[in-house]
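Undergrad: Okay, here's the structure, questions in a sec.
The values are calculated or read from the model by the stated rules, or taken from the named source; none is laboratory data. On a predicted model such as this, the values are computed, not experimentally measured, just so you know. All Cβ positions, glycine included, derive from the backbone under ideal geometry; neighbour counts span all protein chains shown.
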Amino acid sequence: MSAHTPHELHDEFPHDVEAMRWLKLGNARFSKLADHYHALNRAIHRFETEVERCSDFHVERLKKQRLNLLDEIAVMLENAEPERAHA
């Protein structure tokens with residue numbers, strides 16, 4: 001198994017690492033979304049690398065959930081930039 005899990009948030013938003021750190025500390029909703037994304041992404045990686053087994057249907061459902069979380073996180077990052085400029 002690879003030591004690197006693909007699709008980590010810092011890989012998906014490489015230019016927003018500092019904003020993510022700032023949001024995770026100051027925004028409970030963002031922190032919860034990021035934690036959920038991380039857990040879901042790790043589970044998908046375990047299934048894709050066959051460390052754990054599950055149906056293809058289940059993996060596809062998890063991937064859709066991951067995409068939805070990614071969309072929510074992206075919106076929060078976009079909206080956080082103006083707030084951060086005034087902080």
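Undergrad: Consider Met1 against the criteria (1) over 18 Å from Lys63 (Cβ atoms); (2) surrounded by fewer than 12 Cβ atoms within 10 Å (Cβ to Cβ); (3) at pLDDT 95 or above; (4) not hydroxyl-bearing (Ser, Thr, Tyr): it satisfies all of them except one. Which criterion is unmet?
TA: In the conditions (1) over 18 Å from Lys63 (Cβ atoms); (2) surrounded by fewer than 12 Cβ atoms within 10 Å (Cβ to Cβ); (3) at pLDDT 95 or above; (4) not hydroxyl-bearing (Ser, Thr, Tyr), Met1 misses (3) alone.
Undergrad: Another question, then. State all residues of the stretch 8-38 that are more than 16 Å from Asn79 (Cβ to Cβ), of a type in the set (Asp, Glu) and touching a residue at least 40 places away in the same chain (Cβ under 8 Å); if no residue qualifies, say none.
TA: Glu12
Undergrad: Can you name every residue in the stretch 42-67 that is under 17 Å from the mean Cα position of the chain (by Cα) and of a type in the set (Val, Ile, Thr)?
TA: Ile44, Val59
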